[in-house]
Amino acid sequence: MAELSTLARPYAKAAFDYAKEQNVINPWEDFLSVASSIVSDEDYVSLLSNPAISAKQKAAVLIDVHNAQAATPASEALVNFTIQLSEQNRLALLPEVLTHYSKLKSNELKQIDAYVTSAYPLTSEQRQTLQEKLAISTGSIVILHEAVDPDLLGGATVKVGDKFTDGSVRGKLKQLKTQLTA
């Protein structure tokens, strides 16, 4: 897996640098997302492994399927990028390219993902307060990903990067039990 990541990184960097220069960061990310799902499809995987099909044909099929699924067709630059990947026999790297591209985008835009799990759905006021506090503490734009877990009993857990904060009632009860039995 680390090898795929290493191979994908320069393609993601080149794609991101171009997209940033041309001010098309989001359309490129959208293309990479759709293309990643296409190359992960069983039928397309068998097409990729077929030596009788040329690199340009594999790229053309990917572009055609993308254009049929996406809201906007692939630009000439995206077509050229796809052909280049195909000629290098690297189309299967697209999911990894997407992962690295998204990280580059988040870093560029100073965005972070915060994963919040609460016992009950957050109100819009709670959501806004949490986003503001996290933005102040991280110095970044915070994108909240919410989940509900009634087993928490109350409160919430928050994961930002490698930091995890457990403010749930269940977490506090576990902590209290640990202190009482120690």
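Screening 74, 59 for residues that are under 28 Å from residue 3 (Cβ atoms), free of Cβ contacts under 8 Å to residues at least 60 places away in the same chain and not in a helix (DSSP H, G or I) leaves exactly one candidate, 74.
When the residues of segment 34-56 are filtered to those that are without any contact (Cβ under 8 Å) to a residue 40 or more places away in the chain and not in a helix (DSSP H, G or I), the one that is surrounded by the most Cβ atoms within 10 Å (Cβ to Cβ) is 53.
Of all residues in segment 57-110, those that are under 14 Å from the mean Cα position of the chain (by Cα) and surrounded by 14 or more Cβ atoms within 10 Å (Cβ to Cβ) total 12. Only residues that are under 26 Å from residue 72 (Cβ atoms) and buried (at least 17 other Cβ atoms within 10 Å of the Cβ) were counted in segment 1-29, giving 10. Among the residues of segment 105-159, those that are part of a helix (DSSP H, G or I), farther than 26 Å from residue 15 by Cβ and touching a helix residue (DSSP H, G or I) at 6+ places or on another chain (Cβ under 9 Å) comprise 151, 152. Going by what's in this entry, would residue 147 be described as loosely packed, with under 14 Cβ neighbours inside 10 Å and farther than 21 Å from residue 25 by Cβ? So residue 147 fits the description; yes. Residues of segment 141-182 that are over 30 Å from the mean Cα position of the chain (by Cα) and touching a residue at least 40 places away in the same chain (Cβ under 8 Å): 169 alone. In segment 152-163, the qualifying residues are those that are surrounded by fewer than 16 Cβ atoms within 10 Å (Cβ to Cβ) and modelled with pLDDT under 90, and the one that is farthest from residue 110 (Cα to Cα) is 153. Of everything in segment 92-144 that is basic (Lys, Arg) and within 26 Å of residue 30 (Cβ to Cβ), the residue that is modelled with the lowest pLDDT is 110.
The values are calculated or read from the model by the stated rules, or taken from the named source; none is laboratory data. Note that the structure is predicted; figures quoted are calculated from it, not measured. All Cβ positions, glycine included, derive from the backbone under ideal geometry; neighbour counts span all protein chains shown.
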